[in-house]
Structures are given as structure tokens and as C-alpha cells.
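Report on the following structure.
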Amino acid sequence: MHLVLLGPPGAGKGTQAALLSRDLGLAHISTGDMLRGAVQEGTDLGLLAREYMDQGNLVPDDVVIGITKERLEAPDVQTGFVLDGFPRTVKQAEALDEILEDIGLPLDLVINIKVPQSELIRRMTGRRVCPKCGESYHLVFNPPRSLGTCDQCGHDLHQRDDDKETTVRQRLEVYERESGPLTDYYSDKGVLVSVDGTGTVEQVADRLKLTLK
Ligand code: ADP
Ligand code: ADP
Ligand code: ZN
């Protein structure tokens, strides 16, 4: 299975991609996680990316396309992938088509996860993430078993700098403007399905499973 999860920040892409990766053995490719990894390591890429991420803006296309291309060329991707947070612009979508053609893999489905804006803000402002393994939690909706600690790896949880309310609003605007056109791009290709992203994590996961059947 070769999937793209589309949807605004806070829609649950990371949460659902992690479940799909576990259940179906897909490579989970999150550009946000890769960029945050580079920021933490303090690489040149990280220093550059941080300027954009902290403002709630998109990192330039050529940078994100470069790291995604490299990731898609890794051997584990051959058994299937779920892309989370890429593409985010039409230019990235066009680049993805080219990359997949080069490596000889199809794009089976693009799943657009839909959640109302008020709910997105609640989800993002309560989000806590594991800086070590990338697992995403929510203070109220999806708490870890032990407060402040990652269930998967035991590391301390953090609030992302860009999950503060002002940055959250900017990210939602950027999403609408830059990523909105992707639904037309993929529905024209006949690979787009929309899934209701409201309800519990399990309810959304069940809807995704039904969609993939
Ligand atoms: P969310 O889905 O909650 O917005 P991500 O972890 O996917 O969070 O992305 C966090 C930030 O990383 C984005 O706001 C953006 O600055 C940057 N980023 C991630 N993916 C991309 C991408 N495909 N193109 C440009 N910037 C990206
Ligand atoms: P995205 O990757 O699309 O930005 P996440 O998967 O990180 O989104 O989810 C955003 C926040 O909402 C996290 O705190 C996560 O635990 C929480 N969350 C995810 N799915 C749901 C859901 N179905 N109901 C309530 N909260 C959710
Ligand atoms: Zn962890």
C-alpha cells in the first residue's frame, strides 16, 4: 500500500499514520518529524528549517522535496509507505509524481482527513509529542499512560514550539492557501478519498480501515 495522508495541522495524520504503519507494516514518512530531527541535531538544514517552522510557515519546497526524495529511495519503502505531511504544495505533489515514477512505485490512495477548525485548535494546543520517537499524545483526548512520559519509549514529552495558539492560527491559514489546491490536484487524478476525522482515535482508525478495503 502506498498512501498519502492529507489534512490540516492537527487533523490526526501523525496519529493515524503511526497506526497504519504498525498494522500494515508501512514505512511512516513524516516530513515534520524529519525536519524536527534536523532542528534538534542543529544541522544546516535544521537551522534553515527552524526559521520557517517557528513562524508557522512552510519550509521551502526544494528543501523538503530533497529530504523526502532521499527518504523514499531507502529500501524499506519498497514494501509500502504512508506519507504524513508531504506533499503540502502543488509543486511538492508534482515532484512526488516524478520521484515515484523514478523509483517505480505507484500512489494508491490519497486520504483527506477532515476536521472542523475549532477542533483542530483544541487538538494542537493540547498536543504533546515525544521528541525521541515522534509519538503524538493529547493532554485530554489521548493521554499517555503515565503523565508526561512516552508510552512507546519512556522519554519525557514536550509541547512543540509551533503548537502555541498564535502559531497554530498562522499554520491553519497557510494550510488553506498552500495545501488547499491539493484536493483538486488529486481528485482530478482519481485517487482522492475524504474521511471524517472527528470522533475518537479508534473511530477514525476504523473509518480508515474501511476505506482501505
Ligand atoms: P502538522 O501536520 O501538525 O502541521 P508537521 O509536523 O507535519 O505538523 O509540520 C510541522 C512544520 O514542519 C510545518 O508547519 C512546516 O513548517 C514544516 N513542514 C512539514 N512538512 C512540510 C512540507 N511538506 N513542506 C513544507 N514544510 C513542511
Ligand atoms: P497531525 O499530524 O495531523 O498534525 P496529530 O496526529 O499529531 O495530527 O494529532 C494532533 C493532536 O490531536 C494530538 O495531540 C493527538 O493526540 C490528538 N488527536 C489525534 N487524533 C485525535 C482524535 N481522533 N480525537 C482527539 N484527538 C486526537
Ligand atoms: Zn517516545
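Since every read-out is calculated from the coordinates, none of them should be taken as a lab result. This one's a predicted model, so the numbers in the text were calculated from it and none came from an experiment. FYI the Cβ positions are ideal-geometry reconstructions off the backbone, even for glycines, and counts take in every protein chain you see.
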Filter on K132/K213; K114/K189; K69/K209 - keep pairs with C-alpha separation over 25 Å:
K132/K213; K69/K209
Long-range amide H partners of H28 with built H, under 5 Å
V82
Between T149 and T200, what is 0.36 nm times their sequence separation minus the Cα-Cα distance? Round to one decimal in nm.
16.2 nm
Among the DSSP beta bridges whose two residues both lie in the chain, what percent are antiparallel, rounded to the nearest 5?
25
Stretched out fully, how many nm does the piece from D76 to D62 gain, at 0.36 nm a residue minus the Cα gap?
2.7 nm
Gained length - V191 relative to I121, 0.36 nm times residue gap less alpha-carbon distance:
22.4 nm
Label-reachable residues, the range 90-117, where backbone N falls under 17 Å from a point 7 Å from D184's Cα toward its Cβ:
90-94
Using a cut-off of under 20 Å, list every residue of the range 166-188 whose amide N is near the label point 7 Å from the Cα of K114 along the Cα-to-beta-carbon line.
172-188
Any chance you could check the Cα centroid distance between the range 1-63 and the range 161-204 for me, in angstrom?
14
